[in-house]
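The block underneath contains the structure these notes are about, expressed in structure tokens.
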Amino acid sequence: MLFSTDFLTKLFPNHKGVVEDDLPILQVTTDSREKTKKSLFVPLKGDSFDGHDFIKDAFTNGAVAILWEKDRKLPSFLPTQFPVFFVEDTLQALQQLAHRYRWLVNPIVIGVTGSNGKTTTKDIIGSVLETKYKTYRTEGNYNNHIGLPLTILSMARDTEVLVVEMGMNHFGEIELLSKIANPNFAVITNIGESHIEFLGSREGIAQAKTEIVAGLDQKGTLYIDGDERLLEGLHSNDNVVTIGFKENNDLFINNYQMNATSSSFHLDDDSFELNMLGKHNVKNAAFAIAIAKKLDVSKEQIQSALNKLTLTGMRFELIKGKNNATIINDAYNASPTSMKASIEIIKQMTSYQKKVLVLGDMFEMGQQSQELHRSVVDAISSDIDVVYTIGSDSKVISDEVAKLFPTAKSMHFDDKEKLIPQLVSILNGQTVVLLKASRGMKLESIVEALR
Ligand code: ATP
Ligand code: MG
């Protein structure tokens, strides 16, 4: 049980149909099609739909109580004793309910934001803390103004640790999420360029991520990417811990080494191994280690979790492809920062003789799109043998590579059907291929063709 109608009557005093006896609520849902058990249905309004119109489905599928926009006519089929809670705005009410439930359960809450690495870091933190605590975390990428409240409202009553991802593309959104979740620990993984279209500049992005302090518990701690210049303004705060590869960080990552399928590193004096590749993932793991230590998880427990991490799909996923080539499916998403981070890993994969990049368009880059696509070339060096770009804005990358590294083969394609046979023709057992672009480019269809 999450809570009973009693909890709702206190929160939403304007109601009808609530009988004396407490009615247990097992679930909160906003999707009327979902088969539920004893759920509270929250009808939300979108651009092209209104959940209030689907109340009949929700009722048939197991809703035993509803939130309802006040002043709106109730459908006549509802039994008179059916509990209805009238609210001004159902979305705000959902957020308010989640906030109250967070405090009813009162677990240790960890909020993760940043331009890249939120899901990865959330999952590493969850896996590490799970070794000691009853832990619940955001499923997949459910990180916005609806997904975060629903995440909170899905945790069991005996949850000891809740890890939530907080995403955004406009100012004010992280502040809202942070005030709903009131994290005890907050993380800003990095500052990149994602959603720069709406936030104007990297400075704007840093400012928007910093909004996470708005809801941070008074005694809470904020962990930040200490290598990021734009977060330097936070360094002097008492409740801020900096983590990174620069020596002046509060927690200093050193002795980083990339192995065939893992990374090893020290965090201050403790050594760890992580079953993921790349410096950025080591930093993501360092956030988890820092928080785990604060919560008295032993070094052995931390290490055992780091050995067993399972990655969410399409994030630097290693696959054996045609002609025994190694294909790296990193097609989940991309921004210039994350694209450069992945290229850095490929450059260090010295056991391959041929290193191939297949880079697609990155979306939501606004007016600076050309410049931001071009910036990816900064990570490319003569260690890279082939650069294929796909889409439209990414063309500038292959054009620049042609100028700067004439020995590398570079080519632009506007169509996957043309790219695939060309790519297949160069694969062999000594080849590693990185595929990366924005989600909308759906590069996984190329991955399938290379299997
Ligand atoms: P989204 O905004 O789509 O929810 P996210 O922030 O949750 O993304 P992840 O899904 O964890 O990010 O990772 C997406 C990609 O970002 C990874 O495949 C990787 O290329 C890159 N990445 C992960 N961590 C970092 C980091 N700390 N710095 C830079 N790039 C990173
Ligand atoms: Mg995510």
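Below, the figures for the structure above:
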{"item": "Count of residues meeting criterion [within 20 Å of residue 256 (Cα to Cα), touching a residue at least 12 places away in the same chain (Cβ under 8 Å) and surrounded by fewer than 14 Cβ atoms within 10 Å (Cβ to Cβ)] in segment 269-298", "result": "2"}
{"item": "Extreme residue, surrounded by the most Cβ atoms within 10 Å (Cβ to Cβ), among residues of segment 97-112 that are touching a strand residue (DSSP E or B) at 6+ places or on another chain (Cβ under 6 Å) and in contact (Cβ under 8 Å) with a residue 60 or more places away in the chain", "result": "112"}
{"item": "Hey, residue 310 more than 13 Å from ligand 1 (Cβ to nearest atom) and either under 24 Å from residue 223 (Cβ atoms) or not in a helix (DSSP H, G or I) (or both) or not", "result": "yes"}
{"item": "Only listed residue being touching a residue at least 60 places away in the same chain (Cβ under 8 Å) and closer than 28 Å to residue 106 by Cα, chosen from 162, 222", "result": "162"}
{"item": "Cβ pairs under 8 Å, 6+ apart, first in segment 1-20 and closer than 21 Å to residue 37 by Cα, second part of a helix (DSSP H, G or I) and among the charged types (D, E, K, R)", "result": "7/100"}
{"item": "In segment 285-326, residue nearest to residue 265 (Cα to Cα) [restricted to those that are aliphatic (A, V, I, L, M) and over 23 Å from the mean Cα position of the chain (by Cα)]", "result": "297"}
{"item": "Subset of segment 277-297 (residues that are assigned to a loop (DSSP other than H, G, I, E, B) and within 24 Å of residue 315 (Cα to Cα))", "result": "277, 278"}
{"item": "Given (1) buried (at least 16 other Cβ atoms within 10 Å of the Cβ); (2) of a type in the set (Val, Ile, Thr); (3) out of contact with any helix residue (DSSP H, G or I) (no Cβ under 8 Å at 6 or more places or on another chain), number of the condition residue 28 does not satisfy", "result": "(3)"}
{"item": "Top-ranked residue in segment 77-102 [being of a type in the set (Ser, Thr, Tyr) and more than 18 Å from residue 215 (Cα to Cα); ranked as modelled with the highest pLDDT]", "result": "90"}
{"item": "Of residues in segment 151-177 being within 16 Å of ligand 1 (Cβ to nearest atom) and surrounded by fewer than 24 Cβ atoms within 10 Å (Cβ to Cβ), the one modelled with the lowest pLDDT", "result": "169"}
{"item": "Among the residues listed as 417, 448, 444, 400, the single one being touching a Lys or Arg at 6+ places or on another chain (Cβ under 8 Å) and among the acidic types (Asp, Glu)", "result": "400"}
{"item": "Residue pairs meeting the criteria (Cβ under 6 Å; at least 6 apart or on separate chains; first away from ligand 2 (no atom under 16 Å from the Cβ), in segment 126-146; second of a type in the set (Phe, Trp, Tyr))", "result": "none"}
{"item": "Residue tally, condition within 16 Å of ligand 1 (Cβ to nearest atom) and free of Cβ contacts under 8 Å to residues at least 60 places away in the same chain, over segment 193-203", "result": "2"}
{"item": "Residues that are away from ligand 1 (no atom under 11 Å from the Cβ) and in contact with a Gly (Cβ under 9 Å, 6 or more places away or on another chain), drawn from segment 334-351", "result": "348"}
{"item": "Members of segment 182-228 that are closer than 17 Å to residue 336 by Cβ, buried (at least 17 other Cβ atoms within 10 Å of the Cβ) and acidic (Asp, Glu)", "result": "193, 225, 227, 228"}
{"item": "Selection status of residue 6, outside any loop (DSSP other than H, G, I, E, B) and acidic (Asp, Glu)", "result": "yes"}
{"item": "Among the candidates 84, 109, 105, 64, residue that is within 30 Å of residue 332 (Cβ to Cβ), more than 16 Å from ligand 2 (Cβ to nearest atom) and of a type outside the set (Ser, Thr, Tyr)", "result": "109"}
{"item": "Subset of segment 233-269 (residues that are more than 30 Å from residue 310 (Cβ to Cβ) and over 23 Å from the mean Cα position of the chain (by Cα))", "result": "233, 235, 236, 237, 238, 239, 246, 247, 248"}
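The values are calculated or read from the model by the stated rules, or taken from the named source; none is laboratory data. Not measured: the values here are computed from a predicted model. Ideal geometry is used to build each Cβ from the backbone, glycine not excepted, and the neighbour counts take in all protein chains shown.
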